[in-house]
1. Which of the following residues is at pLDDT 95 or above and of a type in the set (Ser, Thr, Tyr): B:Ser148, B:Ser177?
2. For segment B:217-230, how many residues are open to solvent by less than 80 Å² (accessible area, probe 1.4 Å) and part of a helix (DSSP H, G or I)?
3. Evaluate segment B:102-124: report whether one residue or more is touching a Gly at 6+ places or on another chain (Cβ under 8 Å) and at pLDDT 95 or above.
4. Filter segment A:70-105 down to residues that are aliphatic (A, V, I, L, M), facing chain B (nearest Cβ under 8 Å) and either touching a residue at least 12 places away in the same chain (Cβ under 8 Å) or closer than 20 Å to A:Gly169 by Cβ (or both), then give me how many there are.
5. B:Leu61 passes all but one of (1) in contact with a Gly (Cβ under 9 Å, 6 or more places away or on another chain); (2) aliphatic (A, V, I, L, M); (3) away from chain A (no Cβ under 14 Å); which number fails?
6. When both residues are 6+ apart or on different chains and their Cβ atoms are under 6 Å apart, which pairs have a first residue that lies in segment B:63-81 and is buried (at least 19 other Cβ atoms within 10 Å of the Cβ), and a second that is among the basic types (Lys, Arg) and in a helix (DSSP H, G or I)?
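The values are calculated or read from the model by the stated rules, or taken from the named source; none is laboratory data. It should be emphasised that the depicted structure is a prediction, and the values quoted were computed from it without experimental measurement. Quick reminder, even Gly has a Cβ in these numbers, built from the backbone with ideal geometry, and neighbours come from all protein chains shown. Surface areas here come from the heavy atoms of the whole protein model, side chains and all, with no ligands, DNA or RNA. Shrake-Rupley method; radii C 1.70, N 1.55, O 1.52, S 1.80 Å.
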Amino acid sequence: MRFDQVHFRYARRLPWTLQAVDAEVAPGRTIVVLGRNGAGKSTLLQLAAGVLRPSRGAVRDRPAVVGWVPERFPADQPFTTQQYLTAMSALRGLRGTTEVDRWIERLGLAEHRHTRLSALSKGTAQKVGLAQALLRPPGLLVLDEPWEGLDAHARTLIPEIVTEVTAAGGAVLVSDHRGEIAGLPDAIRWRVADATLSTHAAVTESVGDPSDDVVIEIAVRRADAERAVARLSADGHRILGVREEQPR
Amino acid sequence: MTSLVRMRLGGFVRSGRILAPLIAGMVVLGVIHGGGKSAAAPAYGYSAVMFFPVFAWLTKLLLDAEPDVQRRLARVAVGPAREAAAGALAAAAVGSVFCLVAIVAPLPLGAIRGPEPGEPSMAAGIGLGVLAHLLSLAAGVGLGALASRAVTRSVRAGITVLVTGAVLGVVLGLQGSIAPWLVPPLMATARALAAVPLPPAGDLWLLSGWTILWCTAVFTAYAWLRRSRS
């Protein structure tokens, strides 16, 4: 799939959110989209998924099956988890509940099977959002800040799922402003800033032997933490963790 | 696409949003048929006019019941064209049930009297009533779709489109209107159904054709606007 001179703005009188985006997403690859809040990461992902239509230019050769996990799952719907996923699998042309049951089990949603979506916690609702995107093996999986609100166990599932999708020949586009991508192997990095996308900085995961790396501990002001993590990971450094400063 | 129609109908009914137009529909039936007996064709003709805003409103409510992000998820799952069509179809399905009730309910309640000399037969009157309601439904769904949040984006704009469209539908349909072609011919159809004897069949074909043309224009506008507004 490729972006062909894609321009996008939300309304005619507004400035461009994205300009002249030219990029290619190869099958089997994982692309991490970095950038500050409001830089246009979500917009880029929604253009990729086909949720938004470019104001100019085009997104070509989009795979037939696209899975999109929105940043916030729309939980304000009068369905239970099971009803919702069954309906979504019917939209995907699937019959029966085999896939629904599989993903309910795998994502640990079994005890919430008959809970209304509006009564789910944020993290659990996010898992329902993840499940609906995977009911049919996607040729393109678009994950918008998928770690948001997930517990430690579910966080480890994301790299696992990403690996499965890419192994099956699918491409994965994931946005991340917290630098959680350390767990994603072989990821290409894109960066959105000032309404433009840079792929030339495409720093792949450091190829060198990890035993050759050194660990630097740095302290960052709380308010700057997100930005620092994003900038460091954009430079190709691995983020090993973020923690509170220990009292001496 | 049927699965998306079914999902949207489910959401509309389960969330209880169907109640308001349901009550409005019953009020309309009470007002139209509560005042005594009338011949079938004119009674149904004016019932169809009164149901036009109800159909438009229920369409807007049904389309707006779904959160924006869920509508986008549906778009990703089934494609933009089918996503846009499924909402209108779901509204048409609910509206058809309303039509059925609007035609059948007055009969056992004794609001429809048999034909007098010169008037169309009971069966013809009911047939014309069904036609008038279906034309009103198609136009109402069109107006409601244009007023939906996906198109108008804001609550105020949505309500403005809905109310203006519903009022103009009646006002511009009055006899001697300056621009009757701007709105679907609901009032003209009602007048034709109330005439004794009935106007020639050609007139009814003309009115149907006019409605279809109007709906084609409105749904084309809806489809075009929805292409860029997800």
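1. Answer to the selection: B:Ser148.
2. Within segment B:217-230, residues that are open to solvent by less than 80 Å² (accessible area, probe 1.4 Å) and part of a helix (DSSP H, G or I) number 9.
3. yes
4. 1
5. (3)
6. Filtered contacts from segment B:63-81: B:Asp64/B:Arg149.
Let's see how each residue does on (1) more than 13 Å from the chain's Cα centre (by Cα); (2) not small (Gly, Ala, Ser):
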site: A:Phe8; (1), (2): yes, yes
site: A:Val33; (1), (2): no, yes
site: A:Ala39; (1), (2): yes, no
site: A:Val65; (1), (2): yes, yes
site: A:Leu85; (1), (2): yes, yes
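So that you can scan it fast, the table gives a plain yes or no per residue for (1) in a helix (DSSP H, G or I); (2) away from chain A (no Cβ under 14 Å); (3) under 30 Å from A:Ala48 (Cβ atoms):
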{"position": "B:Ala74", "(1), (2), (3)": "yes, no, yes"}
{"position": "B:Ala91", "(1), (2), (3)": "yes, yes, no"}
{"position": "B:Gly118", "(1), (2), (3)": "no, yes, no"}
{"position": "B:Leu134", "(1), (2), (3)": "yes, yes, no"}
